[in-house]
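Worksheet: the structure to be examined is printed underneath.
Values in this text are rule-based calculations from the coordinates and carry no lab data. All of these numbers come straight from a predicted model, not from anything done at the bench. Methodologically, a virtual Cβ is constructed for each residue, glycine included, from the backbone with ideal geometry; neighbour enumeration extends over all protein chains shown.
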Amino acid sequence: MNLSDFTYISNLSGGLLIGIAAVMLMLLNGRIAGISGILAGLLPTGKGDKIWRLLFVLGLAASPFVYRLAFSLPAVTIEAGTLQLIIAGLLVGLGTRYASGCTSGHGVCGISRGSIRSIVATLTFVTAGFITVYLTRHKLGL
Amino acid sequence: MLNVTAFLVGLLFGLGLILSDMTDPSKVIGFLDVTGTWDPSLTFVLGGAILVGSGGFTIAKKRQRSLLGAPMQLPSATELDKRLLLGSLAFGVGWGIAGFCPGPAVVSAASGQPKAWIFVAAMLTGMALYSLIEQHKK
C-alpha cells in the first residue's frame, strides 16, 4: 500500500460527481448511464435513438476542455504498448457487450439500484483485473 | 430538452472521471495491483458514486416517467448466465492490461492522448465484432 498515492479527497469528489451524473440521466432522461452501451448504440449496428447518445458522448469528450478552463488536467501515464492497447481494447469492447455493461452501467448504476447481476459482474471484472495485473506486472514483467 | 440534459450529464460524468483520476491508466493499474503497492484511492470513486447513486436510484425505481416525461428504462434482466460472467471476465482482463475502461478512454482520447485513440478504436471494433457475431448466429 502506498499512502503517498492516496488522493482520496479528489477521488471521492469525482465519485460523487459521477454518481450525480448517473442519477441525473436516470431521473431526467429515464436512461442508465452505461458508457459501453451508449457507445455501442452509436455504431452502425446500434439500435434505437442515436441523438441523445451522441450528445452524451460529446459532453464526455468536452469534459477535458471544460476542466482545463479552471484546472490543469491531471497527468496521464499510459504504460501499455500498441499491441497491448489493441488486445485490451478488443477485450473491453467484446466483454462489455456480452456482459451488457462496464464500470459505469454495472459498477455505478447497477450496484446503486441493487442489481445482483451487476454486483456479480463488478466482482468478476474487478477480480479479473486484479489477476491480470498480478500476472502482467509481477509474473510476466510487462 | 432530453438532448440538452444528455450533453450536460455527459459533461458532468467526464468531469467526475477526470477529477477522480479514473482517466490515468497508471492510477487504475495501481488500484488493481493488490499484490504489489496497492493504491486503494479508486475505491473512493466507486464508493462516492454509489453513495449518491443508491439514494437517487431508490427514487428512480418508484417512478413510471422521468422528471422530463421520458419512460424510465431500467434493465429487467436478472439472469446470472455465461454471457455475463465470461463478458465481465474478458472486460476485466482488458481493463487490467491497459488500465482503461470505456468512459475514461473516451475522455483521454478527447484530451488528445494518441494511445487512448488506439484503445478506443480497438474497443469500438470489439463492440462491432460482437454485433456481427450475434447477427451471424441468428
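Which values, in whole Å and largest first, are the semi-axes of the equivalent ellipsoid of the stretch B:1-63 obtained as the square root of 5 times each eigenvalue of the Cα gyration tensor?
Taking √(5λ) for each Cα gyration eigenvalue gives 29, 16, 7 Å.
Between B:Thr78 and B:Trp38, take the C-beta separation as r, use R0 = 30 Å, and let me know the FRET efficiency to the nearest 0.05.
The calculated FRET efficiency here is 0.35.
Apply the a/c threshold of 1.5 to the C-alpha gyration tensor of the protein assembly as shown and tell me whether it is rounded, prolate or oblate.
It is rounded, given that a/c, with a ≥ b ≥ c, falls under 1.5.
Putting +1 on Lys and Arg Cβ atoms and -1 on Asp and Glu Cβ atoms, find which of B:Gln73, A:Leu135, B:Leu89 reaches farthest to the positive end of the dipole of the protein assembly as shown.
The listed residue farthest towards the positive side: B:Gln73.
Given R₀ = 25 Å, what would the calculated FRET efficiency be for A:Asp49 paired with B:Gln64, taking r from the Cβ atoms and rounding to 0.05?
Approximately 0.80, to the nearest 0.05.
For the stretch A:3-139, just run the numbers: alpha carbon Rg, then divide by 2.2 N^0.38 Å, N being how many residues it has.
1.16
Please label the shape of the stretch B:2-137 as rounded, prolate or oblate, based on the square roots a ≥ b ≥ c of the eigenvalues of the alpha-carbon gyration tensor (a/c under 1.5 means rounded; beyond that, a/b larger than b/c means prolate, else oblate).
Cα axes put the stretch B:2-137 in the rounded bin.
Between A:Ile78, A:Ile131, A:Ile18, find the one with the highest GNM mean-square fluctuation for chain A; connect C-alpha pairs within less than 10 Å.
Among A:Ile78, A:Ile131, A:Ile18, the largest mean-square fluctuation in the Gaussian network model of chain A belongs to A:Ile78.
Could you pull out every whole DSSP H run in chain A that spans at least 27 Å of Cα extent along its own axis and averages 1.0 or higher on the Kyte-Doolittle scale?
Helices meeting the span and hydropathy rule in chain A are A:51-70.
Quick check on the exposure proxy: order B:Trp117, B:Trp95, A:Trp52 from fewest to most C-beta atoms within 10 angstrom.
Taking fewest neighbouring Cβ atoms as first place, the list is B:Trp117, A:Trp52, B:Trp95.
Which value, in debye to the nearest 20, describes the size of the charge dipole of the protein assembly as shown about its Cα centre when Lys and Arg Cβ atoms bear +1, Asp and Glu Cβ atoms bear -1, and nothing else is charged?
With Lys and Arg at +1 and Asp and Glu at -1, about 900 debye.
Does a label point 7 Å from the Cα of A:Lys139, set along Cα-to-beta-carbon, have any residues of the stretch B:89-105 with amide nitrogen under 15 Å, and which are they?
Output list for this probe position: B:93-94, B:96-97.
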